[in-house]
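Read the figures in this text as sums done on the coordinates, not as results from a lab. All values derive from a computational prediction rather than experimental measurement. We place every Cβ from the backbone using ideal geometry, glycine too, and count neighbours over all the protein chains shown.
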Amino acid sequence: MAFFTEPKTERYRMVSRAATGNSTVIDVGGVKIGEGYFPVISGPCSVESEEQVIAIAKSIKAGGAKILRGGAFKPRTSPYDFQGMQAEGLELLSLAKRETGLPIISEIMNQSQIGLFEDVDIVQIGARNMQNFDLLKAVGSLKKPVLLKRGLANTIEELLMSAEYIVASGNPNVILCERGIRTFESMTRNTLDLSAVILLKQKSHLPVIADPSHAAGIRSLVAPLAKGIMAVGADGIMIETHNNPANALCDGAQSLDLEQFNDLMKDLKKRAELEGKEI
Ligand code: PEP
Ligand code: MN
């Protein structure tokens with residue numbers, strides 16, 4: 001059958017760099033993501049309370065973050081772990097958006113939740129759902145940007161084809177995210193694949209960001225990896241922060257505290273100047 005002899009590159013033709021003459025820059029409520037920009041997305045793994053999310057949002061905004069993240073629906077490995085505040089979590093994230101003016105991003109786990117994401121500026125597809133093709137098609141019918149995270153054991157080409165699902169379904173506003181892959185290494189949670197950031201930028205016109213928090217799983221690795229991510233040419237970064245990491249309900253070990261985040265921001269701002277990127 002002709003389908004099987006089709007060249008592989010044709011399988012992600014809309015997101016391929018060859019599809020457009022230039023790099024796609026996505027505008028999220030005035031915040032630009034794409035070539036020439038390096039927006040920092042930050043916030044807690046999970047929204048836990050009004051006090052928590054507001055305190056974090058205010059602090060990271062003062063430090064220079066451009067977008068607030070916060071999980072409301074959490075894909076946890078154990079069913080006994082905190083599953084997120086769900087709809088209430090999204091309401092608290094909206095409240096933090098109104099208080100600070102920061103656009104917000106949160107993870108959607110299935111298409112039945114779409115109605116709850118009206119006020120969310122960027123819909124996140126998590127690593128575990130990268131090949132949930134029905135969900136990809138469903139967010140392809142939305143107008144708002146989608147952050148697509150690479151699966152734990154997915155190839156770069158598979159990530160591009162998942163992005164193609166969204167774009168081919170009618171939504172051109174896709175941001176790719178490298179977040180570490182599973183390897184034989186057990187001292188880190190995952191292994192950050194910096195080559196993927198470079199190759200994705202070479203193969204696709206879409207913005208490419210990286211998440212050092214989930215890649216490392218260890219707080220002390222986050223700032224050095226963030227510098228590496230900027231150095232290889234990523235278009236942004238997503239970092240988990242918490243006002244009290246030791247008592248976080250999710251991913252505390254990889255979360256920066258607010259002071260550590262602001263120190264990192266000072267460093268990244270200097271580097272952005274050298275790279276000619278707007279942070
Ligand atoms: C997250 O961003 O909180 C998350 C669950 O990430 P990932 O899907 O990359 O594991
Ligand atoms: Mn997390």
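Rounded to 0.05, the FRET efficiency of the ASN244 and GLU273 pair, given R0 = 45 Å and the Cβ-Cβ distance, is 0.90. Sum up the charges of everything whose Cβ sits under 13 Å from the Cβ of SER255, counting Lys and Arg as +1 and Asp and Glu as -1, but leave SER255 out. Residues close to SER255 contribute a combined charge of -3. Among the listed pairs LYS149/LYS266; LYS137/LYS227; LYS137/LYS203; LYS137/LYS269; LYS32/LYS58, those with a Cα-Cα distance over 32 Å are LYS137/LYS227; LYS137/LYS269. For ILE209, the residues whose amide H sits under 5 Å from its own are LEU176, CYS177, GLU178, ASP235, ignoring neighbours fewer than 5 places away on the same chain, with H placed 1.01 Å from N.
Out of every Cα-Cα pair in the stretch 8-72, what percent are more than 18 Å apart? It would help to have the intermediate numbers written out before the result.
Values: 1133 of 2080 pairs.
The answer is 54 percent, as a whole percent.
If you bin all the Cα-Cα distances of the stretch 205-258 at 10 Å, starting from zero, the percentages per bin are 27, 48, 21, 4, 0.
Taking the square root of 5 times each eigenvalue of the Cα gyration tensor, what semi-axes in Å does the equivalent ellipsoid of the chain have, largest first? Write down the numbers at each step before the final one.
Working: eigenvalues 149, 89, 69 Å².
Semi-axes, largest first: 27, 21, 19 Å.
Lys/Arg Cβ at +1, Asp/Glu Cβ at -1, dipole of the stretch 1-133 taken about the Cα centre: which of GLN124, ILE33, ALA55 is farthest positive-ward? It is ILE33.
Taking R0 as 22 Å, what FRET efficiency do you get between SER78 and SER220 from their Cβ-Cβ distance, rounded to the nearest 0.05? That pair, SER78 with SER220, gives E of 0.30.
Which whole-number percent of Cα pairs in the stretch 50-194 have a distance greater than 24 Å? Write out the running numbers ahead of the final one.
Numbers: 3727 of 10440 pairs.
Tail of the P(r) past 24 Å holds 36 percent of the pairs.
Computed over Cα pairs, the Kirkwood radius of the stretch 190-279 leads via Stokes-Einstein (0.890 mPa s, 25 °C) to a diffusion coefficient of 181 µm² per second.
Shown here are the Rg and Dmax of the Cα trace of the stretch 78-145, at 12.6, 35 Å.
Ellipticity at 222 nm from helices only: DSSP H runs of n ≥ 4 in the chain, each -39500 (n - 2.57), divided by the residue count, give -10500 deg cm²/dmol.
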